[in-house]
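Here the structure comes first, spelled out in structure tokens, and everything after it is commentary.
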Amino acid sequence: MDLLDSFVSRYVKEYDYYEQVARIAAKELESNLQAEGIRCIVTSRAKSATRLEEKLRQRRLRRPYESVEEIYSDIVDLAGVRVAVYFPGEREQVGKIVSRLFVEYEPRRVFPSGAQGVRSKRFSGYSALHYRVRLRPQDLSESERRYASANIEIQVASVLMHAWAEVEHDLVYKPYEGELSDEEYSLLDQLNGLVLAGEIGLEQLQRAGEARVAVVGRALANHYELAALLLSQESIANDEPVTDAGLGRTDLLFELLVRLGLNTPGDLQPYLEALHGDLERRPLAEQIIDALLAEDETRYQTYRTVRAEVDASRGEQALPDAAAYGEMGFFLTQWVKLEHLMRSAAPDADHRRAAMPTSRALEKLSFLDQEMRFELDQLRRLRNNLVHGIEVPSPSHLHAAGERLEALTSEIERRRGMG
């Protein structure tokens with residue numbers, strides 16, 4: 001049997017495997033993109049056996065294959081995910097989410113790459129970001145661990161560019177009716193120019209939308225508008241682009257703002273300004289939520305309710321058992337006491353809008369020694385994981401952490417009294 005025929009025959013038997021790999025990746029990515037307020041269409045597929053055979057026969061003309069394993073290493077898109085973003089300017093934001101959710105086994109590919117084909121073009125052609133990734137084993141159930149070794153290609157481009165690329169690919173690289181004429185190539189180039197002009201129009205539409213949602217007294221309609229506002233306003237808070245952690249769960253932040261009656265740009269602005277110069281490398285939405293919670297401890301319960309409802313709507317509700325829930329309450333009660341104490345101890349603190357103690361805030365308190373700063377920072381990380389659903393420690397771990405918080409708070413009060 002011919003080597004290519006042997007490979008395709010084997011792939012047909014494995015088709016369902018790659019289909020499931022692509023489906024898992026797409027579901028995880030789509031869920032996170034929606035939560036962060038990225039408007040897009042996410043699709044997945046395992047490569048068609050017919051198309052795969054055509055691709056292999058074309059490639060064999062340029063490089064003869066010597067083994068089935070060599071073919072597997074050469075064909076990177078047996079499992080593929082496509083992200084078609086509404087606004088081209090959000091491609092990089094999608095990329096940050098991809099890097100966070102998956103294992104990148106090769107550097108991303110940026111198109112256009114600068115290489116020119118035989119035919120001259122007036123326009124730049126395909127514009128996209130391609131990521132070559134694998135699923136993270138720790139995110140998979142025991143029965144799904146076998147999918148962690150599969151290579152996945154994630155293509156990120158605008159909705160317009162994806163449509164044009166599909167047309168060009170089928171006509172130029174798979175011409176069923178012969179080689180295209182010069183006139184047809186010219187028309188494809190012209191269509192590419194229209195797509196690029198359309199992308200400019202989409203970027204202008206995005207900026208117009210950001211200006212609309214930034215009106216101070218206008219209520220935000222949904223978490224997509226909130227994400228647009230944060231992306232346009234974030235430089236006020238940080239003087240730099242969004243951190244690698246991205247925006248975070250804007251869906252949770254939006255619902256919390258609605259419950260608190262603070263869902264206008266004017267309501268949100270003070271919290272962004274309070275973060276100025278003290279942003280951590282955590283999602284921006286998490287830090288704003290923390291600032292809201294630090295103002296009033298009763299908001300913790302409101303936030304837990306919001307989180308349970310939003311996660312349930314996404315099919316991700318995982319409530320802790322009664323023991324863990326009780327210890328969560330004990331730990332957070334001690335944490336709130338620490339927040340009150342640290343805000344009152346902080347120099348020139350804005351008590352109404354002060355956020356929870358950060359690493360930088362702890363460094364400013366002279367009565368804390370290095371060991372106490374380190375321990376408080378570790379407890380702060382545990383609190384972040386607990387509140388934002390990253391990890392729920394065991395009840396015994398939570399109880400011990402709550403007791404340690406209680407002891408540290410008493411020691412800080414004693415040291416302040418001595419000062």
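So which residues in the stretch 386-419 are under 26 Å from Leu284 (Cα atoms) and either assigned by TED's automatic domain parsing to the domain that holds Tyr303 or loosely packed, with under 13 Cβ neighbours inside 10 Å (or both)?
Ile390, Glu391
Six or more apart or on different chains, Cβ under 8 Å: which pairs go from a residue in the stretch 143-167 that's closer than 14 Å to Arg23 by Cα to one that's among the polar types (S, T, N, Q)? Could you list them?
Short answer, once both residue conditions are applied: Tyr147/Gln20.
Give the stretch 87-111 a look and list any residue that's among the hydroxyl-bearing types (Ser, Thr, Tyr) and in a helix (DSSP H, G or I), or say none.
Initially, the stretch 87-111 is screened for residues among the hydroxyl-bearing types (Ser, Thr, Tyr), giving 99, 105.
Ser99, the sole residue that qualifies.
List pairs: first in the stretch 1-23 and outside the structural domain of Ile152 (by TED's automatic domain parsing) and over 14 Å from Ile71 (Cα atoms), second hydrophobic (A, V, I, L, M, F, W, C) and surrounded by 12 or more Cβ atoms within 10 Å (Cβ to Cβ), Cβ under 9 Å, 6+ apart or cross-chain?
From the stretch 1-23, no pairs qualify.
Listed here are the residues, each with its yes/no results for (1) of a type in the set (A, V, I, L, M, F, W, C); (2) closer than 19 Å to Leu408 by Cβ; (3) modelled with pLDDT under 85.
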| position | (1), (2), (3) |
| --- | --- |
| Ile288 | yes, no, no |
| Gln301 | no, no, no |
| Arg307 | no, no, no |
| Ala318 | yes, no, yes |
| Trp335 | yes, yes, no |
| Leu338 | yes, yes, no |
| Ala345 | yes, yes, yes |
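Which numbered condition in (1) modelled with pLDDT of 95 or more; (2) in contact with a strand residue (DSSP E or B) (Cβ under 6 Å, 6 or more places away or on another chain) is the only one that Val76 fails?
It fails just one condition, (1).
Taking the stretch 208-226 as the region of interest, how many residues are in a helix (DSSP H, G or I), of a type outside the set (Phe, Trp, Tyr) and surrounded by 14 or more Cβ atoms within 10 Å (Cβ to Cβ)? Give the steps one after another, and end with the answer.
Initial filter on the stretch 208-226 (in a helix (DSSP H, G or I)): 208-213, 223-226.
From the residues that got through so far, the ones that are of a type outside the set (Phe, Trp, Tyr) too are 208-213, 223, 225-226.
After this cut, where a residue has to be surrounded by 14 or more Cβ atoms within 10 Å (Cβ to Cβ) as well, the list is 209-210, 213, 223, 225-226.
Result for the stretch 208-226: 6.
The values are calculated or read from the model by the stated rules, or taken from the named source; none is laboratory data. Computed from a predicted model, the values in this text were never measured in an experiment. Counting neighbours? That spans all protein chains shown, and the Cβs are built from the backbone with ideal geometry, glycine included.
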